[in-house]
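The values are calculated or read from the model by the stated rules, or taken from the named source; none is laboratory data. If you're wondering where the values come from, they're calculated on a predicted model, not measured in any experiment. Cβ placement follows ideal geometry from the backbone for every residue including glycine, while neighbour counts extend to all protein chains displayed. Remember, those area values only see protein heavy atoms, side chains included, never the ligands or the DNA or RNA. Shrake-Rupley method; radii C 1.70, N 1.55, O 1.52, S 1.80 Å.
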Amino acid sequence: TGSSRPQRLLKAVQRNAAKGDPQSVISAIDYFCRHSEWAMNVGDEKGSILDSVVSEVSPTTALELGTYCGYSTVRIARLLPPGASLITLEFNPDYAAVARQVIAHSGLQDKIHLVEGPSGDSIPKLKERFGITSLDFVFLDHWKDRYVPDTKLLEECGLLRKGSVLLADNVICPGAPEYLDYVRNNPRYESRYFQSHLEYTNVEDGLEKSVFLG
Ligand SMILES: Cn1ncc2cc([C@H](O)c3cccc(CNC(=O)c4cc(-c5ccc(F)cc5)cc(O)c4O)c3)ccc21
Ligand SMILES: [Mg+2]
(Lines give C-alpha, C1' and ligand atoms only; values in the text may rest on other atoms or scores of the structure.)
(Ligands and ions follow the chains in the order given, each with its own letter.)
Protein backbone atom coordinates (compact mmCIF):
# COMPACT_ATOMS: atom_id res chain seq x y z
CA THR A 1 0.00 0.00 0.00
CA GLY A 2 1.00 3.62 -0.36
CA SER A 3 2.93 5.95 1.94
CA SER A 4 1.32 7.96 4.73
CA ARG A 5 1.30 11.76 5.04
CA PRO A 6 3.91 11.66 7.83
CA GLN A 7 6.12 9.50 5.60
CA ARG A 8 5.73 11.97 2.72
CA LEU A 9 6.54 14.83 5.11
CA LEU A 10 9.68 12.96 6.22
CA LYS A 11 10.76 12.49 2.57
CA ALA A 12 10.36 16.24 2.03
CA VAL A 13 12.64 16.88 5.03
CA GLN A 14 15.24 14.38 3.83
CA ARG A 15 15.21 15.90 0.32
CA ASN A 16 15.07 19.61 1.19
CA ALA A 17 16.63 20.16 4.62
CA ALA A 18 20.34 20.22 5.46
CA LYS A 19 21.37 17.55 7.96
CA GLY A 20 22.20 19.08 11.34
CA ASP A 21 20.35 22.32 10.53
CA PRO A 22 17.16 22.56 12.65
CA GLN A 23 15.95 25.75 10.97
CA SER A 24 16.09 24.12 7.53
CA VAL A 25 14.06 21.16 8.88
CA ILE A 26 11.42 23.58 10.19
CA SER A 27 11.36 25.50 6.88
CA ALA A 28 11.14 22.30 4.81
CA ILE A 29 8.11 21.10 6.81
CA ASP A 30 6.39 24.48 6.59
CA TYR A 31 7.01 24.60 2.82
CA PHE A 32 5.65 21.03 2.40
CA CYS A 33 2.53 21.85 4.43
CA ARG A 34 1.83 25.09 2.57
CA HIS A 35 2.52 23.83 -0.96
CA SER A 36 1.94 20.07 -0.89
CA GLU A 37 -0.12 18.68 2.01
CA TRP A 38 -1.55 20.35 5.12
CA ALA A 39 -0.47 18.64 8.33
CA MET A 40 -1.23 19.36 11.99
CA ASN A 41 2.15 20.87 12.96
CA VAL A 42 1.96 23.98 15.15
CA GLY A 43 3.27 25.82 12.08
CA ASP A 44 5.31 28.99 11.59
CA GLU A 45 2.86 31.63 12.89
CA LYS A 46 1.99 29.91 16.19
CA GLY A 47 5.54 28.52 16.12
CA SER A 48 6.93 32.03 16.52
CA ILE A 49 4.83 32.47 19.67
CA LEU A 50 6.07 29.07 20.90
CA ASP A 51 9.64 30.22 20.23
CA SER A 52 9.20 33.42 22.24
CA VAL A 53 7.73 31.58 25.26
CA VAL A 54 10.47 28.88 25.18
CA SER A 55 13.16 31.56 24.90
CA GLU A 56 11.65 33.50 27.81
CA VAL A 57 11.41 30.40 30.04
CA SER A 58 14.74 28.92 28.86
CA PRO A 59 13.72 25.56 30.41
CA THR A 60 16.23 23.06 31.82
CA THR A 61 13.53 20.35 31.63
CA ALA A 62 10.71 20.56 29.09
CA LEU A 63 7.86 18.17 28.26
CA GLU A 64 5.83 17.92 25.04
CA LEU A 65 2.54 16.00 24.89
CA GLY A 66 2.00 14.86 21.30
CA THR A 67 5.11 14.55 19.13
CA TYR A 68 3.40 13.79 15.80
CA CYS A 69 6.17 14.32 13.18
CA GLY A 70 8.52 16.19 15.52
CA TYR A 71 8.07 19.71 14.11
CA SER A 72 7.44 21.43 17.46
CA THR A 73 9.91 19.03 19.09
CA VAL A 74 12.66 20.47 16.86
CA ARG A 75 11.34 24.03 17.34
CA ILE A 76 11.58 23.70 21.12
CA ALA A 77 14.84 21.72 21.30
CA ARG A 78 16.75 24.18 19.08
CA LEU A 79 16.14 26.91 21.66
CA LEU A 80 17.08 24.94 24.81
CA PRO A 81 20.10 26.10 26.84
CA PRO A 82 23.17 23.79 26.95
CA GLY A 83 22.55 20.67 29.06
CA ALA A 84 18.77 21.09 28.96
CA SER A 85 16.47 18.37 27.61
CA LEU A 86 13.03 17.88 26.12
CA ILE A 87 10.89 14.80 26.80
CA THR A 88 8.22 14.21 24.15
CA LEU A 89 5.37 11.71 24.46
CA GLU A 90 3.84 9.93 21.45
CA PHE A 91 1.48 6.93 21.56
CA ASN A 92 1.25 6.31 17.78
CA PRO A 93 4.23 4.15 16.70
CA ASP A 94 4.04 5.31 13.07
CA TYR A 95 4.22 8.96 14.13
CA ALA A 96 7.05 8.11 16.58
CA ALA A 97 9.04 6.38 13.83
CA VAL A 98 8.76 9.41 11.53
CA ALA A 99 9.51 11.85 14.37
CA ARG A 100 12.70 9.98 15.32
CA GLN A 101 13.98 10.43 11.76
CA VAL A 102 12.97 14.10 11.56
CA ILE A 103 14.72 14.69 14.90
CA ALA A 104 17.82 12.80 13.72
CA HIS A 105 17.93 14.91 10.54
CA SER A 106 17.89 18.06 12.67
CA GLY A 107 20.86 16.83 14.74
CA LEU A 108 19.07 17.56 18.03
CA GLN A 109 18.60 13.91 19.12
CA ASP A 110 20.96 14.32 22.12
CA LYS A 111 18.61 16.93 23.65
CA ILE A 112 15.42 14.94 23.07
CA HIS A 113 13.90 11.84 24.74
CA LEU A 114 10.98 10.47 22.71
CA VAL A 115 8.87 8.13 24.88
CA GLU A 116 6.37 5.88 23.10
CA GLY A 117 3.08 5.31 24.91
CA PRO A 118 0.01 7.21 26.11
CA SER A 119 0.68 10.29 28.25
CA GLY A 120 -1.48 8.92 31.09
CA ASP A 121 0.90 5.99 31.47
CA SER A 122 4.18 7.88 30.88
CA ILE A 123 3.65 10.98 33.06
CA PRO A 124 3.64 9.08 36.39
CA LYS A 125 6.96 7.43 35.44
CA LEU A 126 8.87 10.57 34.39
CA LYS A 127 10.46 11.30 37.77
CA GLU A 128 11.95 7.83 38.25
CA ARG A 129 12.80 7.36 34.57
CA PHE A 130 14.54 10.69 33.93
CA GLY A 131 15.54 11.70 37.46
CA ILE A 132 13.64 14.98 37.22
CA THR A 133 12.12 16.80 40.18
CA SER A 134 9.89 19.21 38.24
CA LEU A 135 9.12 20.55 34.76
CA ASP A 136 9.96 24.12 33.75
CA PHE A 137 7.89 24.06 30.55
CA VAL A 138 5.08 21.88 29.09
CA PHE A 139 3.73 22.10 25.52
CA LEU A 140 0.28 20.49 25.18
CA ASP A 141 -0.56 19.40 21.63
CA HIS A 142 -2.09 15.91 21.91
CA TRP A 143 -5.79 14.92 22.06
CA LYS A 144 -7.61 18.04 23.16
CA ASP A 145 -9.82 16.14 25.64
CA ARG A 146 -6.65 14.95 27.40
CA TYR A 147 -5.41 18.48 28.21
CA VAL A 148 -7.37 18.71 31.51
CA PRO A 149 -6.80 15.16 32.83
CA ASP A 150 -3.09 15.34 32.00
CA THR A 151 -2.68 18.78 33.60
CA LYS A 152 -4.30 17.37 36.77
CA LEU A 153 -2.00 14.36 36.53
CA LEU A 154 1.08 16.60 36.26
CA GLU A 155 -0.08 18.40 39.42
CA GLU A 156 -0.78 15.14 41.29
CA CYS A 157 2.64 13.72 40.33
CA GLY A 158 4.34 16.81 41.77
CA LEU A 159 5.82 17.66 38.38
CA LEU A 160 4.78 21.34 38.48
CA ARG A 161 6.47 23.93 40.67
CA LYS A 162 5.85 27.64 41.32
CA GLY A 163 6.54 29.23 37.92
CA SER A 164 6.14 26.15 35.69
CA VAL A 165 4.78 27.29 32.32
CA LEU A 166 2.12 25.37 30.35
CA LEU A 167 1.55 26.34 26.70
CA ALA A 168 -1.44 24.72 24.98
CA ASP A 169 -2.00 24.58 21.21
CA ASN A 170 -5.41 24.67 19.48
CA VAL A 171 -7.45 26.19 22.28
CA ILE A 172 -9.81 27.63 19.61
CA CYS A 173 -9.47 25.20 16.67
CA PRO A 174 -10.18 22.29 17.10
CA GLY A 175 -10.71 23.80 20.56
CA ALA A 176 -10.12 22.82 24.17
CA PRO A 177 -13.03 24.51 26.00
CA GLU A 178 -12.78 22.43 29.18
CA TYR A 179 -9.05 23.25 29.39
CA LEU A 180 -9.63 26.99 28.97
CA ASP A 181 -12.28 26.78 31.68
CA TYR A 182 -9.92 24.84 33.95
CA VAL A 183 -6.86 27.11 33.75
CA ARG A 184 -8.77 30.42 33.50
CA ASN A 185 -10.99 29.78 36.55
CA ASN A 186 -8.33 28.18 38.73
CA PRO A 187 -6.57 30.36 41.33
CA ARG A 188 -3.46 28.18 40.98
CA TYR A 189 -2.89 29.39 37.39
CA GLU A 190 -2.24 32.77 35.79
CA SER A 191 -3.41 32.43 32.14
CA ARG A 192 -3.02 34.49 28.99
CA TYR A 193 -4.33 33.91 25.45
CA PHE A 194 -2.12 34.50 22.39
CA GLN A 195 -4.35 34.99 19.35
CA SER A 196 -3.07 33.52 16.09
CA HIS A 197 -4.27 31.27 13.25
CA LEU A 198 -4.62 27.57 12.60
CA GLU A 199 -1.39 26.37 10.99
CA TYR A 200 -1.09 27.23 7.28
CA THR A 201 -4.60 28.80 7.19
CA ASN A 202 -6.36 32.05 8.12
CA VAL A 203 -8.79 30.29 10.45
CA GLU A 204 -8.61 31.70 13.96
CA ASP A 205 -6.71 29.68 16.57
CA GLY A 206 -4.38 30.49 19.43
CA LEU A 207 -2.17 29.36 22.27
CA GLU A 208 -2.98 29.59 25.98
CA LYS A 209 -0.03 30.25 28.28
CA SER A 210 -0.64 29.31 31.92
CA VAL A 211 1.83 29.82 34.77
CA PHE A 212 1.43 27.44 37.74
CA LEU A 213 1.46 29.52 40.94
CA GLY A 214 2.21 26.60 43.31
C1 LIG B 1 -2.76 10.31 24.98
N2 LIG B 1 -1.60 10.64 24.15
N3 LIG B 1 -0.34 10.58 24.59
C4 LIG B 1 0.46 10.94 23.56
C5 LIG B 1 -0.32 11.24 22.42
C6 LIG B 1 -0.03 11.63 21.11
C7 LIG B 1 -1.08 11.79 20.23
C8 LIG B 1 -0.79 12.14 18.78
O9 LIG B 1 0.34 13.00 18.66
C10 LIG B 1 -1.98 12.78 18.13
C11 LIG B 1 -2.71 12.06 17.18
C12 LIG B 1 -3.83 12.65 16.63
C13 LIG B 1 -4.26 13.93 17.03
C14 LIG B 1 -3.51 14.63 17.98
C15 LIG B 1 -3.98 15.95 18.50
N16 LIG B 1 -3.86 17.07 17.59
C17 LIG B 1 -4.95 17.45 16.91
O18 LIG B 1 -6.00 16.81 16.94
C19 LIG B 1 -4.84 18.68 16.07
C20 LIG B 1 -5.82 18.89 15.08
C21 LIG B 1 -5.76 20.01 14.27
C22 LIG B 1 -6.82 20.22 13.23
C23 LIG B 1 -7.39 21.48 13.06
C24 LIG B 1 -8.36 21.68 12.07
C25 LIG B 1 -8.79 20.62 11.29
F26 LIG B 1 -9.70 20.81 10.33
C27 LIG B 1 -8.22 19.35 11.46
C28 LIG B 1 -7.23 19.16 12.42
C29 LIG B 1 -4.73 20.95 14.41
C30 LIG B 1 -3.77 20.75 15.40
O31 LIG B 1 -2.76 21.64 15.58
C32 LIG B 1 -3.82 19.63 16.23
O33 LIG B 1 -2.86 19.50 17.20
C34 LIG B 1 -2.35 14.06 18.52
C35 LIG B 1 -2.40 11.60 20.65
C36 LIG B 1 -2.69 11.23 21.95
C37 LIG B 1 -1.64 11.04 22.83
MG1 LIG C 1 -1.77 21.31 17.44
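Key figures
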quantity	calculated
Residue in segment 70-77 that is open to solvent by 10 Å² or more (accessible area, probe 1.4 Å) and touching a Pro at 6+ places or on another chain (Cβ under 7 Å) present	no
Qualifying position, being out of contact with any Asp or Glu (no Cβ under 8 Å at 6 or more places or on another chain), outside any helix (DSSP H, G or I) and either open to solvent by 10 Å² or more (accessible area, probe 1.4 Å) or within 16 Å of ligand 1 (Cβ to nearest atom) (or both), among Leu63, Leu86, Leu10	Leu63
Residue in segment 126-156 that is least open to solvent (accessible area, probe 1.4 Å), counting only those that are assigned to a helix (DSSP H, G or I) and more than 25 Å from Tyr95 (Cα to Cα)	Glu155
Residue under evaluation Ala97, criteria (1) surrounded by fewer than 19 Cβ atoms within 10 Å (Cβ to Cβ); (2) under 17 Å from the mean Cα position of the chain (by Cα); (3) among the aliphatic types (A, V, I, L, M); (4) more than 16 Å from ligand 1 (Cβ to nearest atom), criterion not met	(4)
Val183 vs. criteria more than 11 Å from ligand 1 (Cβ to nearest atom), buried (at least 19 other Cβ atoms within 10 Å of the Cβ) and either among the β-branched types (Val, Ile, Thr) or more than 16 Å from the chain's Cα centre (by Cα) (or both)	yes
Among the candidates Asp30, Asp121, Asp44, residue that is away from ligand 2 (no atom under 15 Å from the Cβ), at pLDDT 95 or above and surrounded by fewer than 24 Cβ atoms within 10 Å (Cβ to Cβ)	Asp121
Breaking point among (1) in a loop (DSSP other than H, G, I, E, B); (2) among the charged types (D, E, K, R); (3) open to solvent by 50 Å² or more (accessible area, probe 1.4 Å), for Glu199	(3)
Selection from segment 45-60 of residues that are within 13 Å of ligand 1 (Cβ to nearest atom) and small (Gly, Ala, Ser)	Gly47
Residue in segment 26-44 that is in a loop (DSSP other than H, G, I, E, B), more than 11 Å from the chain's Cα centre (by Cα), more than 15 Å from ligand 1 (Cβ to nearest atom) and farther than 18 Å from Lys111 by Cα present	yes
Residue under evaluation Arg192, criteria (1) more than 16 Å from the chain's Cα centre (by Cα); (2) within 18 Å of Arg146 (Cα to Cα), criterion not met	(2)
